[in-house]
Every structure is written in structure tokens, then in C-alpha cells.
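In what follows, a single structure is set out as C-alpha cells and then discussed.
The values are calculated or read from the model by the stated rules, or taken from the named source; none is laboratory data. Source: prediction; values computed, not measured. Please note: Cβ atoms are built from the backbone with ideal geometry, for glycine as well, and neighbour counts cover all protein chains shown.
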Amino acid sequence: MKNETSIRYRINLTVIMTLLTIGLVFGTILFIYEQTRRDGTIRKIESYLIELTQVRSEALGNEMFSRQTLALNMSLRHVIDHVNLDDNAQILGITAFAPDGEVLSAVGESSQNTPFDTRLPIDVTTTSIHLENFNGHPVVCFFSPIIAYGEFVGFWRIDYSIMLLEQQIINTMFIYIMAIVTFSIMLFWLLNHLLLRLVLRPLDVLQTTMNIMKSDEGQFSLALKEQQINQMLSSFERLPSYICPNAKTKNEINALAFSFRTMLIALKDNYVGLRRDPLTGLANRVCLDEAIAKHLDLNKRYQQPFSVLLLDIDHFKTVNDQYGHLVGDEVLRALSQRLQFNVRKSDVVGRWGGEEFLIILPRQSLTTAYDVAEKLRQQVESRDIIVNLTITLSIGVAEYRAFEQHSDVIKRADEALYLAKAQGRNQVQLSL
């Protein structure tokens, strides 16, 4: 009886721990989902406010530059009264600042909250957002520069509340907790019943057999001896039927896990093979196109510049003709390693095709990209790429321009590369 109680306790504990684990996993997934939805809403509102700033920059800039306070107040009030950000967000206030941080105009509830006025971003010439607290509620402060006729004349701060969105998240989490508690109680009863049946029933069979053996104080009746033995045999024959399926299931699970692991390894190898150049191990065209698309999105969202370098090995055909294609392959591999060693970890180095390489330089202007290209050119020229063999590079440099497609910036870099070759090779040319 004591053993049965111990087994029941362990089964109940196992079921409870399983349900807690499931609840925590799904709770974590739900929390991540809600946070992602919240961040997505904030990014959506941020994009809208950036567009709003661009549309109203000229009018606001004139009013801010000429210090027309009344007109500026009316413009800001019009934005609060007529601009609808999102069903879950509400504008609380707008404040206009001079370039030195002086408040030119402030309308709305949050504009009267003095602590907000002291929390200005370090760089007011770029768009940024900050999370603040207003009367116990979460508020997002959007800062954006005001540009008029190409000059920075000030910036404005738009405070909008995401209280409704936060309340939705809290309500969703509450409903989830109530649902998981109800589901856990029902599942606890079901699993507890099934596990007790699967585990304790074989023990009951064994207990019945032992009771037969101990009947009549250990004395077996001659008339019942054969019947008792048959019952014992029957009981022990049925016992494995409750245990063997578990062992079989375990073996099946192990086999399935091994097959699944093998499949994942093969899938990973195929995935890497689709995105990596097999000769150099660098990013291939597919991976480079994805990286450029990513930086295009970052540029549109945060106005982050980026540049590309298109490199070509000078007279590489001569290397193949004179030394053979195996040596040519070794040159490509050695150059790949040298390029990776001389750029930042955040830069993307890839093989564009043949003897051409493409390097993506995030957050680098055309001038800085030129310096990087010239450094690479000198590094390659100054030392043998392999034993007793020196090569040179022609490089074209282009910086991404607003509203370009990713093929446009590559085309301009290619044109600059063509110019470098036409003017004698072993040089860097810019796409201006």
C-alpha cells in the first residue's frame, strides 16, 4: 500500500510538472507574440509619423523659423485633432523645439509634463523614439527633425499613448491564464487516470498473483493447485502486455528522433549550400541579394546609409592560363580570406561571380567606403596572394541613394568598376 501511494505521488508530480512546462512554453510563446505585435504597432506608427513629418516639414519649418507661435500652435493642434495613428494609439501632445532645445510651442496633455521636456535625445537631427511613463501609463515619444529648404530649423516631439494596446495584451494574458488553468485541471484528471491505469494495473496483477501464492497461509490445496498455477501463468503473461508497448514506444521514439536529427542535419547542409559559394565559402548571389534587401529596408526605416564595393581581379584569365585553374581556385580562396580579415564583422563579403566579389558596408558613406576600398587594394597589392604570385584589384564604389532599387546601386558600382578597368586597372573609382 505504501509503494502504491508513493507511485501515485510520483505520477501526480510528473503530470503536474508536465502541465507546468506546457503552460510555461505556451505562455512564453504568447508573451513573445504579444510583444512582437506591440513592437510591430509601434514601428507602423513610427513609419506613419516619419511620413507625416516629411509632409508637414516645410509648413512647420516656416512657422518655426519665423517664430510664428500662434500659427505653430494651430498647426500642432490640427495634427492632434485630425490625425488618427491607430485604433490602439492616441496622440497626447506635441511639442516643437528650436535647434538648441528651446520650446517654441506645446499643445496637448503631455506637453505640460515638465520631466518630458528634459528628456531630449542626444542627436536631435535624426529620428528616434523613447518609451516614457505619463500618469502611470506607457507613452511613446517620437522625435523627428524639421527640415525646411534643406536646412535643419528644429524638431518636434509627438507623444502618443499605447495604453489601449497594453490593456489588450493584459486582457489576452489573463484569458490565457484562465484557459490554461481550466485546461490543466481537465488534462490533469485525464492523464492522472490514464497513467494510474497503465502503471498500477500491472502492479495489481502482480499483487493478485502474490495473494494467490500466500493464500491458506502458504498451504496449497491439491484440488486447486493446477488452477492457481494457471492463474499465475495467465497473470504473468498479461503483465508484459502492459510494459512491452512502453519499451516499444521508447525504441520507436528513439528511432524517430535519430531520423529527425538526420533530416535536420541534411536540411541545414542544403540550406547552407544554397547560400554559400562552394569554392570560397563566402556568401553567394542569393545571400547577397537578401543582405542588400535588408539594408534597403533599414535605410528606408532609419535612414541608415550603406555602400557597396564591387571588386575584380585584374588579368585573372592570365593567371588561369599560365598557372592552371587549380592555382586560380587557390587565388580565389586566399583573396576571400584576406578580404574577410580586413573588413568589419558587420560587413558582408560575397562572391558575385567568376573573379568578382561584392562587399556590403552598412552605415558607411561614399567617402568612408572609398577609404575601405583603397585599404583593401593596397593590402592585396603589397603582399603575395599565394607563394610567388601577386595580384591587383580594380574596385568600383557606390553609395545607396534614396528610392533606388537594389539593382541600381549594384549597376552604379559596376559602372565605376568598368571605369577603373578602362583607366588602367589597379585603382578605385567612385560612382558620383
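The set of residues in the range 22-49 being surrounded by fewer than 12 Cβ atoms within 10 Å (Cβ to Cβ) and acidic (D, E) consists of D39 alone.
Please go through the range 151-188 and give me each residue that is aromatic (F, W, Y) and at pLDDT 75 or above, ordered by number.
Here is the first cut: in the range 151-188, the residues aromatic (F, W, Y) are 152, 155-156, 160, 174, 176, 183, 188.
Across the range 151-188, the qualifying residues are F152, F155, W156, Y160, F174, Y176, F183.
Being closer than 18 Å to Q364 by Cβ, modelled with pLDDT of 85 or more and either outside any helix (DSSP H, G or I) or aromatic (F, W, Y) (or both) is a condition met by at least one residue of the range 277-285. Could we say that F65 is more than 26 Å from the chain's Cα centre (by Cα), aromatic (F, W, Y) and under 23 Å from P138 (Cα atoms) here? Spelling it out, it is not the case that F65 is more than 26 Å from the chain's Cα centre (by Cα), aromatic (F, W, Y) and under 23 Å from P138 (Cα atoms).
Take the residues in the range 68-78 that are surrounded by 18 or more Cβ atoms within 10 Å (Cβ to Cβ) and aliphatic (A, V, I, L, M); name whichever of them is nearest to V140 (Cα to Cα). Show your work before the answer.
Initial filter on the range 68-78 (surrounded by 18 or more Cβ atoms within 10 Å (Cβ to Cβ)): 72, 75-76.
If we keep only those that are aliphatic (A, V, I, L, M) as well, we get 72, 76.
Details: L72: 22, L76: 17 Å.
Top of the filtered list is L76.
Within the range 411-421, not a single residue is in contact with a helix residue (DSSP H, G or I) (Cβ under 8 Å, 6 or more places away or on another chain) and surrounded by 13 or more Cβ atoms within 10 Å (Cβ to Cβ).
Output the qualifying pairs, or none if there are none: Cβ atoms under 8 angstrom, residues six or more apart or on different chains, first residue in the range 133-146 and farther than 19 Å from I42 by Cβ and at pLDDT 75 or above, second residue part of a strand (DSSP E or B) and among the hydrophobic types (A, V, I, L, M, F, W, C). Taking only residues 6 or more apart or on different chains, the pairs are P145/F152; P145/F155; I146/A96; I146/F152; I146/V153; I146/F155; I146/W156.
Within the range 25-48, residues that are free of Cβ contacts under 8 Å to residues at least 40 places away in the same chain sit with their Cβ atoms under 7 Å from residues that are outside any helix (DSSP H, G or I), at 6+ positions apart or across chains, in these pairs: Y48/L85.
This table checks each residue for (1) closer than 27 Å to V153 by Cβ; (2) in a helix (DSSP H, G or I); (3) at pLDDT 80 or above; (4) among the charged types (D, E, K, R).
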| position | (1), (2), (3), (4) |
| --- | --- |
| I22 | no, yes, no, no |
| I45 | yes, yes, no, no |
| Y48 | yes, yes, no, no |
| E63 | yes, yes, no, yes |
| M74 | yes, yes, yes, no |
| H78 | yes, yes, yes, no |
| D100 | yes, no, yes, yes |
| V107 | yes, no, yes, no |
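For T95, the criteria (1) farther than 24 Å from I162 by Cα; (2) touching a residue at least 24 places away in the same chain (Cβ under 8 Å); (3) in contact with a helix residue (DSSP H, G or I) (Cβ under 6 Å, 6 or more places away or on another chain) hold in every case but one, which is (1).
A quick yes/no check of all residues on (1) surrounded by 17 or more Cβ atoms within 10 Å (Cβ to Cβ); (2) closer than 16 Å to L279 by Cα; (3) outside the structural domain of R425 (by TED's automatic domain parsing):
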| position | (1), (2), (3) |
| --- | --- |
| K317 | no, no, no |
| Y323 | no, no, no |
| L326 | no, yes, no |
| L339 | yes, yes, no |
| G354 | no, yes, no |
| F357 | yes, yes, no |
| A369 | yes, no, no |
| V372 | yes, no, no |
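Among the residues of the range 305-328 satisfying the criterion of being at pLDDT below 95 and under 35 Å from the mean Cα position of the chain (by Cα), which is nearest to T390 (Cα to Cα)? Residue satisfying both the conditions and the ranking: F306.
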